[in-house]
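Here the structure comes first, spelled out in structure tokens, and everything after it is commentary.
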Amino acid sequence: MLQDMIKVIRQGDANGNGMLIRIKLPSGHEILGCPTENAYEGEWALGPTWNYVVMSDKPFLVDTGKFGMGGKLLEMMSSGGVSGKDLDFVIVSHGHEDHDGSLAEIVDYTKVRVKAHDIYDRLIRYYPERAPSNVRKNFPASCWRCFMPESFSEEHCIEYQRSRSSLKIDTIKDRCHKLDGNALAYHVPGHSPDSLAIVIGGEALLVGDTVLPDITPWPSQEKIFDNVRDILQPRYPYAHSVYGLRAYISSLKKMKAIAKELTEPVVLPAHRLFYNGQWNNINLITRADELITHHTQRCGDILKILEQGPKTAREIAVAHFDENLLKGFGILMAENEVISHCELLCSCNDTVLEKDEKFAATGSTNFESAVRSLTPEW
Ligand SMILES: [Zn+2]
Ligand SMILES: [Zn+2]
């Protein structure tokens with residue numbers, strides 16, 4: 001049980017904000033859990049980001065929390081007995097702001113090496129002269145086509161994106177990469193094209209945002225690939241291998257396969273390890289299956305909605321999601337979900353995208369067998 005391995009160094013609130021923990025693995029290896037606050041509120045709230053310091057051959061840090069959390073994270077680490085300057089490297093689970101927001105700040109202070117997936121290294125840079133004409137050229141390639149409004153990105157993201165854009169990255173190009181004598185990183189794209197999962201000594205799995213308890217991580221959209229094709233080629237020639245729901249479900253299957261090789265691994269997610277006053281024990285095989293079933297059912301629900309006639313992603317979102325999930329930016333998150341599912345449905349010919357941006361059902365229901373036949377790339 002997770003609880004038996006955890007020593008709480010500092011109590012936090014009911015959702016884990018302000019908490020600091022030490023996890024002692026059966027082998028004696030230790031991991032510090034350092035959750036940092038996030039700003040998101042309401043129905044789509046994630047809780048804090050759980051950053052982890054792994055006491056491996058030498059200590060390394062996984063994720064850095066949102067922009068502006070660097071000082072706080074270093075203070076937490078030192079309360080747990082690790083100086084920032086002792087770190088061998090910091091590794092980014094994926095390029096979302098709640099995970100790499102304070103990366104530049106941590107590097108400034110510690111001069112630590114940064115490891116991240118090769119796709120991360122390509123997407124954090126600015127390419128004003130290579131950007132397609134219809135995108136936000138003044139943003140790095142990762143954000144050329146963000147679904148949040150430009151005014152939001154201008155206010156919240158510019159400083160963060162500039163800070164990380166000049167970092168030197170030790171890139172991870174292999175699908176399975178040895179980090180040191182004890183830790184491996186696997187490429188598990190889908191939630192984000194650069195997502196990594198890290199296995200520690202065959203007994204712990206750091207799963208980033210790819211598998212979360214209580215909540216379903218949102219998949220990216222395959223169509224984002226169209227804009228960054230030029231930046232990712234020739235190494236990453238296909239949208240569905242790194243973006244979208246097909247990539248995501250394949251990665252969930254990869255996670256299951258990894259978990260099957262291990263004996264009762266401790267699963268450490270990047271959100272909600274502790275939430276609503278509870279520790280979340282995750283059985284990776286069960287949870288990955290639940291997530292796959294959830295997305296398969298959502299595909300079925302969308303086809304049902306389309307029985308009444310063709311609809312835009314927004315119309316499907318309004319018909320499918322509870323009203324409270326659609327408030328504020330919720331509608332944009334909901335629309336993103338629907339597009340990811342419709343992309344999978346289009347790939348197996350269950351829907352087509354018509355000229356007026358409406359999805360139409362074709363009458364077939366190939367999606368279940370399509371999901372079953374998805375296989376991860378190793
Ligand atoms: Zn994320
Ligand atoms: Zn996250």
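The values are calculated or read from the model by the stated rules, or taken from the named source; none is laboratory data. A quick note: this is a predicted structure, and the numbers were derived from the prediction, not measured. Neighbour counts are summed over all protein chains in view; Cβ atoms, including those assigned to glycine, are modelled from backbone coordinates with ideal geometry. Note: accessible area is taken over every heavy atom of the protein model, side chains too, but ligands, DNA and RNA are not part of it. Shrake-Rupley method; radii C 1.70, N 1.55, O 1.52, S 1.80 Å.
Taking every eigenvalue of the Cα gyration tensor of the stretch 240-280, multiplying by 5 and rooting it, what semi-axes result, largest first, whole Å?
Output for the stretch 240-280: semi-axes of 24, 17, 6 Å.
What is the magnitude of the charge dipole of the stretch 163-238 about its Cα centre, with +1 placed on the Cβ of each Lys and Arg, -1 on the Cβ of each Asp and Glu, and no other charges, expressed in debye to the nearest 20? Show your work: numbers first, answer last.
Numbers: 8 positive and 10 negative charges, 61 e Å.
Result for the stretch 163-238 is approximately 300 debye, rounded to the nearest 20.
Along the stretch 166-178, what does the Karplus equation 6.51 cos²θ - 1.76 cosθ + 1.60 (θ = phi - 60°) give for ³J(HN,Hα), rounded to whole Hz, x for Gly and Pro?
9, 5, 8, 10, 7, 7, 9, 9, 6, 6, 10, 10, 7
If you take every DSSP beta bridge fully contained in the stretch 74-213, what fraction is antiparallel? Give it as a percent rounded to 5. Before the final figure, lay out the partial values.
On the way: 11 of 17 bridges.
Here the share of antiparallel DSSP bridges comes out near 65 percent.
Placing unit charges on C-beta atoms (Lys and Arg positive, Asp and Glu negative, everything else neutral), compute the dipole magnitude of the stretch 49-141 about its Cα centre in debye, rounded to 20.
Computed charge dipole of the stretch 49-141: roughly 300 debye.
Give, in nm to one decimal, the length gained when the segment between SER133 and ASN281 is fully stretched (0.36 nm per residue of separation minus the Cα-Cα distance).
48.6 nm
Can you pick out the pairs among LYS7/LYS256; LYS58/LYS168; LYS178/LYS256; LYS137/LYS311; LYS24/LYS254; LYS256/LYS311 whose Cα atoms lie more than 24 Å from each other? Please list the in-between numbers first.
On the way: LYS7/LYS256 28 Å; LYS58/LYS168 21 Å; LYS178/LYS256 19 Å; LYS137/LYS311 31 Å; LYS24/LYS254 26 Å; LYS256/LYS311 35 Å.
From the list (LYS7/LYS256; LYS58/LYS168; LYS178/LYS256; LYS137/LYS311; LYS24/LYS254; LYS256/LYS311), the Cα-Cα distance tops 24 Å for LYS7/LYS256; LYS137/LYS311; LYS24/LYS254; LYS256/LYS311.
Using alpha carbons only, how many angstrom separate the centre of the stretch 1-74 from the centre of the stretch 172-209?
Between the Cα centre of the stretch 1-74 and that of the stretch 172-209, the gap is 18 Å.
Of SER369, PRO219, ILE169, which is farthest towards the positive pole of the chain's charge dipole, taken about the Cα centre with +1 and -1 on the beta-carbons of Lys, Arg and Asp, Glu respectively?
In the chain, that residue is ILE169.
Please work out how much length the chain gains when fully extended from TRP378 to ARG125, using 0.36 nm per residue of separation minus the C-alpha to C-alpha distance, in nm with one decimal.
Working: separation 253, 0.36 × 253 = 91.08 nm, distance 2.71 nm.
My answer for the length gained is 88.4 nm.
Could you work out the relative contact order of the stretch 231-378, using alpha carbon pairs under 8 angstrom and six or more residues apart, expressed as a whole percent?
Details: 142 pairs, mean separation 38.1, N = 148.
Averaging sequence separation for qualifying contacts and normalising by length gives 26 percent for the stretch 231-378.
Would you grab the residues whose amide H sits under 5 Å from the one on ILE282? Only those 5+ places off in sequence or on another chain, please, with H modelled 1.01 Å from N.
Those lying under 5 Å, H to H, from ILE282 are VAL267.
Ignoring ligands, DNA and RNA, how do TRP44, TRP378, TRP144, TRP279 rank by accessible area with a 1.4 Å probe, largest first?
Numbers: TRP44 75, TRP378 145, TRP144 5, TRP279 50 Å².
Highest to lowest solvent-accessible surface, that is TRP378, TRP44, TRP279, TRP144.
Please list the radius of gyration and Dmax for the chain, considering alpha-carbon atoms only, with Å as the unit.
Taking only Cα atoms of the chain, I get Rg and Dmax of 20.2, 61 Å.
Over all pairs of distinct alpha carbons, what does the Kirkwood formula give as the hydrodynamic radius of the stretch 75-172, in Å? Mind dumping the intermediate values first?
On the way: mean 1/r = 0.0688 Å⁻¹.
Taking every pair of different Cα atoms in the stretch 75-172, averaging 1/r and inverting gives 14.5 Å.
Full-extension gain between TYR238 and ASP301, please, as 0.36 nm times their residue separation minus the C-alpha to C-alpha distance. List each step's numbers first, then the result.
Values: separation 63, 0.36 × 63 = 22.68 nm, distance 2.74 nm.
So the extension gain works out to 19.9 nm.
For an R0 of 56 angstrom, estimate the FRET efficiency from the Cβ-Cβ distance between ALA14 and GLU357 and round to the nearest 0.05. List each step's numbers first, then the result.
Details: r = 42 Å, r/R0 = 0.76.
It comes to 0.85.
Students often check this: by mean Cβ neighbours within 10 Å, which of 134-143, 121-130 ranks highest, and how do the rest follow? If you can, show how the numbers build up before the last one.
Values: 134-143: 17.9, 121-130: 16.2.
Going from most to least packed, we get 134-143, 121-130.
Starting from the Cα of ASP180, step 7 Å along the direction of its Cβ; do the same at GLU290; then give the gap between the two resulting points in nm.
3.3 nm
Between SER151 and TYR109, how high is the FRET efficiency from 1/(1 + (r/R0)^6) when r is the Cβ-Cβ distance and R₀ = 22 Å? Nearest 0.05. List each step's numbers first, then the result.
Values: r = 32 Å, r/R0 = 1.43.
Using R0 = 22 Å, I get an efficiency of 0.10.
Output wanted: per-residue J couplings in Hz (rounded whole) for the stretch 328-339, from phi through Karplus 6.51 cos²θ - 1.76 cosθ + 1.60, θ = phi - 60°, x for Gly and Pro.
Couplings: x, 6, x, 4, 6, 5, 5, 5, 4, 4, 4, 4 Hz.
If I take the Cα coordinates of the stretch 187-279 and project them onto the principal axes, what are the three extents in Å, biggest first?
Here the Cα extents, ordered largest to smallest, are 44, 30, 18 Å.
Could you work out the helix-only [θ] at 222 nm for the chain, with each DSSP H run of four or more residues adding -39,500 (n - 2.57) and the total divided by the number of residues, to the nearest 500 deg cm²/dmol? Don't skip to the end; give the middle numbers.
Working: 14 runs with 133 residues, N = 378.
Taking each H run of at least 4 residues, the total per residue is -10000 deg cm²/dmol.
Would you mind getting the Kirkwood hydrodynamic radius of the stretch 124-236 from its Cα pairs, rounded to one decimal in Å? Could you put the intermediate results ahead of the total?
Numbers: mean 1/r = 0.0620 Å⁻¹.
After inverting the mean inverse Cα-Cα distance, the result is 16.1 Å.
For the stretch 128-144, what does the Karplus curve 6.51 cos²θ - 1.76 cosθ + 1.60, with θ = phi - 60°, yield as ³J(HN,Hα) per residue in whole Hz, taken in order and with x for Gly and Pro?
Whole-Hz 3J(HN,Hα) from phi for the stretch 128-144: x, 7, 9, 5, x, 5, 9, 10, 7, 4, 7, 10, x, 4, 4, 10, 4.
Going highest first, how would you order 101-107, 17-23, 370-376, 360-366 by mean Cβ packing within 10 Å?
Numbers: 101-107: 24.6, 17-23: 18.6, 370-376: 15.6, 360-366: 14.0.
For the peptides 101-107, 17-23, 370-376, 360-366, the packing ranking is 101-107, 17-23, 370-376, 360-366.
Amide H to amide H under 5 Å from HIS191: which residues, 5+ apart in sequence or cross-chain, H placed 1.01 Å off N in plane?
Answer set, sorted by chain and number: SER220.
With a cut-off of 17 Å, note down the residues of the stretch 28-63 whose backbone N falls inside the zone around a label point 7 Å from the Cα of GLU75 toward its beta carbon.
34-38, 49, 51
Under 5 Å between amide H atoms, partner at least 5 residues away or on a different chain: which partners does ILE172 have, H built in plane at 1.01 Å?
Those lying under 5 Å, H to H, from ILE172 are ALA116, HIS117, ASP118.
Would you mind computing, in nm to one decimal, how far apart the modelled labels at ARG162 and ALA45 are, each placed 7 Å from Cα along Cα→Cβ?
Here the answer is 3.2 nm between the modelled labels.
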